[in-house]
Amino acid sequence: MSVQSAAAAAAATVPAKPVGPSLAARTRMALLVLVAVYPVITAIIYLVAPFTEGWPVWERNFVVAPLMVVAMVYFIIPGIQSRFGRFIATGRINK
């Protein structure tokens, strides 16, 4: 086997780098997350406010942030991806 054919064989076995989502797909995802997160964070703040009255902002956020992260990771993001995945990827609504 020559050096050129060995290099060609090695290059042929290297997988291509996967293409990430486009800027448009990222923008659609960001907007959908914003629309979903805003009412959830507002509700969490209203629910936590009576129990954290008089606390400094950083302490209140110490309680709110984990609740929001759990909601996003387990409910909001998977829900958006399952319901709007095609729209996010292609920008098309109908099938």
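Each value in this text was obtained by applying a stated rule to the coordinates, not by laboratory testing. It should be emphasised that the depicted structure is a prediction, and the values quoted were computed from it without experimental measurement. Positions of Cβ are generated from backbone atoms using ideal geometry, with glycine treated the same way; all protein chains shown enter the neighbour counts.
Identify, please: which residue in segment 36-95 is in a helix (DSSP H, G or I) and among the charged types (D, E, K, R) and is, among those, farthest from Arg26 (Cα to Cα)?
For segment 36-95, the residue satisfying everything is Glu59.
Checking Phe51 against (1) surrounded by 12 or more Cβ atoms within 10 Å (Cβ to Cβ); (2) out of contact with any Phe, Trp or Tyr (no Cβ under 7 Å at 6 or more places or on another chain), which test does it fail?
Going through the list (1) surrounded by 12 or more Cβ atoms within 10 Å (Cβ to Cβ); (2) out of contact with any Phe, Trp or Tyr (no Cβ under 7 Å at 6 or more places or on another chain), Phe51 breaks only (1).
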